[in-house]
């Protein structure tokens, strides 16, 4: 293994400093998802369906605010663009910790919409400071840091909730995110190239980074990064649309084929399965009085995803995302057999192994199905599909749990993955058969 590119990254203090600050800045919201669920269920004494609605509000807010926040960095520079997020993080999450559900839902949406744009900021700055192989290596190092953060975040959330309170935890999310924003303002990393117009290759690299971040964030906290894929994709789509208009070409490119639609449905189902599994784990451990063991289970689950992603990266032939989705779904069902935290941790490994590969395969599949000129637009839809799946999964699985069937939540979650993946494979096989006969 050639470690030269990694040494080059580590030899550049500005890159190391930005990646380190980016990791710390991501940590508050890596813990926020679990804290919100525990706050609604434990502190407010409500059900998992209600906690799912709150989680969906945050996810939708992030998706709505992502493109706008990215544009503000482009328009007014980093420091001015961060001021609204710093103020909002501190005020919104402090207020959210003290209001009932009817106030928490809109605050959660606003908190997501105005959250610190760490992913897009780090992506832009690393892209400006690096080129070529160094950029790819830097993005890889940052993705590894993201994986670590999203393993630590849930464990930290449980520790805070158990030792202090979810009220303090939510306030701490806002305060620490605001401090991270101030730190980023002081650091003030470059976000604009000296060139008047960034090359298309740079925008494509931005999109690649966003997709890698989503894979790194899986299986937990997928909703935190889906909006960044939308933002990066829309940036490319807008440029390519302007170019088509200048060339007087048709605005409507017929790229939305059946295979593309099937891949987008797979992305949505992946988001559903991941958030459904997360909520099911929380409910399972709370039902047996072992909520403090959430960190243990999440380390096993997220760690398995990291291992699965590394294995998939060295596989020479691509594997259909539908196969991987079906496997992720079917391996989630046996988690209902767990009776202790350690059993649940071990049972989470099989389904965790398929998390990162499923997301990687789906993004690769979509990229191969569309032409380069519409790839940004297609990946924007990919991010939207994951957002929809994540936003829908949490309240729907919560309804199953509230109906008195915590173990059944694993079944519902797994069946969705199995059915969508299986149906996609059958449809693809049937289409191949028809095309073969037609030939």
Extreme residue, modelled with the lowest pLDDT, among residues of region 170-202 that are loosely packed, with under 13 Cβ neighbours inside 10 Å and assigned to a loop (DSSP other than H, G, I, E, B): 196
Positions within region 113-137 being within 23 Å of residue 313 (Cβ to Cβ), at pLDDT 80 or above and assigned to a helix (DSSP H, G or I), in sequence order: 122, 126
Condition met for residue 352 (under 28 Å from residue 41 (Cβ atoms) and either buried (at least 24 other Cβ atoms within 10 Å of the Cβ) or modelled with pLDDT of 90 or more (or both)): yes
Breaking point among (1) more than 19 Å from the chain's Cα centre (by Cα); (2) at pLDDT 80 or above; (3) surrounded by fewer than 18 Cβ atoms within 10 Å (Cβ to Cβ), for residue 436: (2)
Residue within region 382-393 that is over 15 Å from residue 304 (Cβ atoms), surrounded by fewer than 24 Cβ atoms within 10 Å (Cβ to Cβ) and at pLDDT below 85 present: yes
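The values are calculated or read from the model by the stated rules, or taken from the named source; none is laboratory data. Not measured: the values here are computed from a predicted model. Reconstructed Cβ throughout: ideal geometry from the backbone, glycine too, with neighbour counts over all protein chains shown.
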